[in-house]
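Some notes on the structure that comes next.
Read-outs throughout are calculated quantities, based only on the coordinates presented, and are distinct from any laboratory measurement. These figures come from a predicted structure and were not determined experimentally. Using ideal geometry, Cβ is built from the backbone for each residue, glycine included, and neighbour counts are taken over all protein chains shown.
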Number of protein chains: 2
Amino acid sequence: MSGWVAVAGLGPGAEDLVTPEVRAALAEATDVVGYIPYVARVAPRAGLRLHASDNRVELDRALHALEMAREGRRVVIVSSGDPGVFAMASAVFERLETAPDFAGTEIRILPGITAMLAAAARAGAPLGHDFCAINLSDNLKPFDLVEHRLRHAARGDFAMAFYNPRSKSRPHQFARVLEVLREECGPDRLIIFARAVSTPDEALQVVTLAEAAPEMADMRTVVLVGNSQTRRVGDWVYTPRGTSVAGAAG
Amino acid sequence: MSGWVAVAGLGPGAEDLVTPEVRAALAEATDVVGYIPYVARVAPRAGLRLHASDNRVELDRALHALEMAREGRRVVIVSSGDPGVFAMASAVFERLETAPDFAGTEIRILPGITAMLAAAARAGAPLGHDFCAINLSDNLKPFDLVEHRLRHAARGDFAMAFYNPRSKSRPHQFARVLEVLREECGPDRLIIFARAVSTPDEALQVVTLAEAAPEMADMRTVVLVGNSQTRRVGDWVYTPRGTSVAGAAG
């Protein structure tokens, strides 16, 4: 029997946001590898080996999966959300690039509901027009590049979604992000803090940039920022499908 | 019995990319409304009324759904992909804003697998780092704003995803988009034309900007453009999770 690797997105947390495609791959798998809290979401069963590993060992994890597939095992690498958005898919190809002997391995990427779209759905439609997704972590890129991209996103009048906004190891950077946003977008721009969407810990907070505080975000939060046209209607926040050119002048 | 409106994403086409949450809403619905090809994806059953309408009548469709919900009906508005990404969710809130008598209506937005992420999964991980999503249609915004955003996205060294790249009514604009991209990103940047992903008509084409031609896209195509670090490994295209600052200088 020939092995394979599937890099699968488990969605933001709720079971009813896991696609049937991912469910089917998990049912066929002999091995599941991934970051501890994501592997914990996979129900144990006879014949399925679970390999949970810590954060920041993505390349080792990718190699382990490729090695097991070469031995004929059917391996699912689990990511939260979508595997192609700040998750394991890139790590697998990065590993493959430096290990060409795995070039023949069967690999499939199975999309999932990514956190920003689950969060947007809860808030209304804040990403209803052109938008950017930015990973605020500087583990793998300099913070200057984050700031550079923030300014271009703001000047292009994009709505924005931020992943990994804040962690214990870098508490000050998100304060700087809010500062840059206030400079570029003014105090009245709407910002949404969406924590653990679709889980029992879900919490949503909508404020203006003037009201926003760094403590409103943690590592389980996705942050969404509206464009110049984004507004409230009742409890909802939405960005119109069309837009005036006014926003483009900034 | 009290009515409701659910704005649901059917994903890019394949049945196994429809979430159980959306499936459950369709099972409870009394009415389904949407653009003709999307309503055609919903299986008819006794007690379910299907209301298919043409493109560009989004606000009328939203009002129709809200009116039916007020009469106690359970209405699913179907979108392709994710309802919050260039789809029906914004139209519903736009309609709600000018029809405050519907303020008490129960509304839920149910996320789906959006086209760019399904396309990225097929190609590898081209959106594996910071990226933008841009709707190239100028139905609701001036083309100048499209160009303005393209330049900021390129100068921020974002990967990009384009929805609605080309239609019969505006055949020349996508040629201009490619021109702008060549100016900003050079001839070697990778570009992916992903047509009808996850359907029987699926076709994927990976070329450089120098090789790209407007005819490679139509209205069923999502176009993905890499950032300065995006590269091939075997048949795959991926963007590394980290990036040098080199790309940021442009």
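Observations on the model:
- Which of B:P240, A:A125, A:A175, positive extreme of dipole for the protein assembly as shown (C-beta unit charges): A:A125
- DSSP bridge orientation in segment A:81-218 - percent antiparallel, rounded to nearest 5: 60
- Karplus-derived 3J(HN,Hα), 6.51/-1.76/1.60, for each residue of segment A:184-190, Hz, glycine and proline x: 7, 10, x, x, 8, 4, 7
- Rounded to the nearest 10 degrees, the inclination of helix A:88-97 to the longest alpha-carbon principal axis of chain A is 60 degrees.
- Each other copy holds its own label point for B:S53; taking that point as 7 Å from Cα along Cα to Cβ, the gaps run 5.2 nm, nearest first.
- If you plug the beta carbon distance of A:L204 and A:R70 into 1/(1 + (r/R0)^6) with R0 = 41 Å, you get a FRET efficiency near 0.40.
- In this structure, the amide hydrogen of A:S53, modeled 1.01 Å from its nitrogen in the peptide plane, lies closer than 5 angstrom to those of A:G34, A:Y35, A:I36, counting only residues at least 5 positions away or on a different chain.
- A point 7 Å from Cα along Cα→Cβ stands in for B:A175, and the other copies hold the same point at 5.4 nm, listed in rising order.
- Sorted from nearest, the other copies put their B:P142 label points 3.7 nm away, the label point being 7 Å from Cα in the direction of Cβ.
- Axis angle, to the nearest 10 degrees, between helix A:58-70 and the longest C-alpha principal axis of chain A: 30 degrees.
- Rounded to the nearest 20 debye, dipole of the protein assembly as shown from Cβ charges on Lys, Arg, Asp, Glu: 140
- With Cα atoms, 0 to 90° folded angle of helix B:143-155 axis to chain B main axis: 50
- Span from the segment B:9-50 Cα centroid across to the segment A:153-203 one, whole angstrom: 34
- Each Lys and Arg contributes +1 and each Asp and Glu -1, all at the Cβ; summed about the Cα centre of chain B, the dipole is approximately 200 debye.
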